[in-house]
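The values are calculated or read from the model by the stated rules, or taken from the named source; none is laboratory data. Quick caveat: nothing in here was measured; it's all calculated off a predicted structure. When we count neighbours, we look across all protein chains shown, and the Cβ atoms used for this are built from the backbone with ideal geometry, even at glycine. Protein only, heavy atoms only, side chains kept; ligands, DNA and RNA dropped before computing areas. Shrake-Rupley method; radii C 1.70, N 1.55, O 1.52, S 1.80 Å.
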Amino acid sequence: MKVLIIGNGGREHAIAWKLAQSPQVSKIYCSPGNGGTAAIAENISFQNIHVLTEFAINHGIDLTVVGPEAYLADGIVDVFQKAGLCVYGPTKLAARLESSKAFSKAFMKKYNIPTAKFESFSDAESAKAYIRQVGAPIVVKADGLAAGKGVVVAFDVETALKAVDDMMTAKIFGESGATVVIEEYLEGEEASLLAFCDGNIGIPMIPAQDHKRIGDGDTGPNTGGMGTYAPTSAVTPDVMERIVNEILNPTLKAMALEGTPFVGTLFLGLMLTKTGPKVIEYNVRFGDPETQVVLPLLDSDLAQVFKDAANGCLDPKSVRWKQDQVAVCVVLASGGYPGAYQTGITIDGLDTIQNSLVFHAGTKQTADQGLVTAGGRVLNIVHVGENIQSAIEGVYADVEKVHFEGMIYRKDIARRELNRYIKK
Ligand code: AMP
Ligand code: GLY
């Protein structure tokens, strides 16, 4: 089977790594890929959906997997399907669960899927009047895609009003902020649950927890994600049952009912509140860096799972997980991230890592300098252990072997889980 993976993050490297283990997979292409995928796949570089489609036809691609949401929101799956190609991912209409918050919130309201109470606004004055009326804490969200930066959690009214001005008047996210969703602040612990979906059923993966802020102790600005671990014990078997029965299954049933069945990875960003799990957001693709800890725990042939999902015939029995294993991922980022940072800096020490997995994100192989940095999040070090303590020790032992100028990382990834583990 020839596979094409679209994207260039740590997520795509982890997908390529897992697919490369499948006896069915004979060749992997990544577009554009990164310095890590170059070692297990052939990197190609086509941005345009129609050029990618032509490539897939001409090279006899049997399966395409799409990483980034922007391609899905642009309808890459629709174009591939029209060309008769097998593709794992949602159509443009199904991708609205992520590409429009106004759509996803209205959808959840219609189908009674637990989420924060909200109102949508397309003019700034009404949005601001509503904020003054309900007060803080309150959350302001740009309707459209904003590269993970379109959410402001405001603990005072002034901050919320400024967010509305930034999004709707100054248009810092362009048309993505033409409509805003203003919602109730939810309190609790966050968790990420991904599920393989075939249009009818969803098979949950191992629940994970991300660390979105740049600084230790959850301080500083939000990032794409600075580290993850899985499983998280915050999602107990009871909570998992509620997530499946109250959120995952109703979402898939409703999407099918709306005539937009969901195929691909549905990613539930959840707040585990006192009254039960609630959806903070849907994503319509694998999470990054959730994927880097979830796929190493998968005991099944990922190529088969993708093919079955794309063909609408997922079998829950065919998806098995490694028992009694825990994975921790620490992201190594460029100094300055999530703000401005330099690239082209030489990376050393990776060849000394033997006990952890290394998934590349913003890296590039160069002829003269070897492997260099090429993005904000540069590398993901992932350690699989028998418990959270050994996984944390293992990952940080290997993190310390890597060097590039300005390298930053969080030192407290999975500490919350460790505290729960020690207390047990
Ligand atoms: P999102 O991009 O929607 O995942 O939001 C980014 C982050 O903002 C989330 O990971 C949460 O930490 C926070 N957030 C979003 N919505 C809410 C909410 N209703 N209540 C509390 N925190 C929220
Ligand atoms: N880690 C969060 C995301 O992929 O959106």
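Report the convex hull volume per residue for region 13-144, counting only C-alpha atoms, in Å³.
Measuring per residue, one finds 171 Å³ for the Cα hull of region 13-144.
Please find the FRET efficiency linking Ala397 to Gln47, where r is the Cβ-Cβ separation and R0 is fixed at 30 Å, and quote it to the nearest 0.05.
Between Ala397 and Gln47 the formula returns 0.20.
Of all the accessible heavy-atom surface of the chain, with the other protein chains kept in place and a 1.4 Å probe, what percent is carbon and sulfur?
On the way: 8810 of 17610 Å².
The value for the chain is 50 percent carbon and sulfur by accessible area.
Between Ala124 and Gln342, what's the calculated FRET efficiency when r is the beta-carbon distance and R0 is 35 Å? Round to 0.05.
For Ala124 and Gln342, the calculated efficiency is 0.40.
Under 16 Å from a point 7 Å along the Cα-to-Cβ line of Glu54: which residues of region 63-81 have their amide N that close?
80
Give me the 1.4 Å probe accessible area per residue for the chain, excluding ligands and nucleic acids, in Å².
For the chain, the per-residue accessible area is 42 Å².
Can you give the FRET efficiency for Asp368 and Ile172, using 1/(1 + (r/R0)^6), R0 = 51 Å, r = Cβ-Cβ distance, to the nearest 0.05?
My answer for the efficiency is 0.85.
What is the gain in length, in nm to one decimal, between Gln21 and Ala256 on full extension, counting 0.36 nm per residue of separation less the C-alpha to C-alpha distance?
Roughly 81.3 nm would be gained on extension.
Given 4 °C and 1.567 mPa s, compute D for the chain with the Stokes-Einstein relation, Rh being the Kirkwood radius over Cα pairs; round to the nearest whole µm²/s.
Here the translational diffusion coefficient equals 59 µm²/s.
Take Asp351 and Asp216, extend 7 Å from each Cα along the Cα→Cβ direction, and tell me the distance between the two endpoints in nm.
With each label placed 7 Å out from Cα toward Cβ, I get 3.2 nm.
Quick one: order His50, His59, His211 from most to least accessible surface, probe 1.4 Å.
Order by accessible area, largest first: His50, His59, His211.
Expressed in nm², what is the orientationally averaged projection area of the convex hull enclosing the Cα positions of region 276-424?
On the way: hull surface 48.0 nm².
The Cα convex hull of region 276-424, projected and averaged over all directions, gives 12.0 nm².
HN-Hα J couplings of region 235-250 from phi, Karplus 6.51/-1.76/1.60, θ = phi - 60°, integer Hz, Gly and Pro as x?
3J(HN,Hα) across region 235-250, in whole Hz: 8, 6, x, 5, 5, 4, 4, 5, 4, 5, 6, 9, 10, 4, 5, x.
Which order do peptides 239-246, 174-181, 292-299 fall in by mean Cβ count within 10 Å, highest first?
Highest to lowest by the protection proxy: 292-299, 174-181, 239-246.
On a C-alpha basis, how far is the centre of region 330-363 from the centre of region 242-293 in Å? Whole number, if you could?
Going from one Cα centre to the other spans 30 Å.
Per residue of region 317-323, what does 6.51 cos²θ - 1.76 cosθ + 1.60 with θ = phi - 60° give for ³J(HN,Hα)? Whole Hz please, x for Gly and Pro, Karplus curve as stated.
6, 7, 10, 10, 10, 5, 8
Ordered by packing density, taken as the mean number of other Cβ atoms within 10 Å over each peptide's residues, highest first, how do 267-279, 28-40 rank?
Ranking the peptides 267-279, 28-40 by packing returns 28-40, 267-279.
Could you calculate the contour length gain from Asn249 to Asn112, that is, 0.36 nm times the residue separation minus the distance between their Cα atoms, to one decimal place in nm?
Gain on extension, Asn249 to Asn112, equals 48.1 nm.
From the Cα trace of region 3-61, what convex hull volume per residue do you get, rounded to a whole Å³?
Spread over its residues, the Cα hull of region 3-61 gives 66 Å³ apiece.
If packing is taken as the mean number of other Cβ atoms within 10 Å per residue, what is the order of 115-122, 257-264, highest first?
257-264, 115-122
Starting from a Cα-only point model with no solvent, please compute log10 I(q)/I(0) by Debye for region 146-250 at q = 0.16 1/Å.
-0.95
Residue by residue through region 224-229, which ³J(HN,Hα) values in whole Hz follow from phi under the Karplus form 6.51 cos²θ - 1.76 cosθ + 1.60 (θ = phi - 60°), with glycine and proline marked x?
x, x, 9, x, 8, 8
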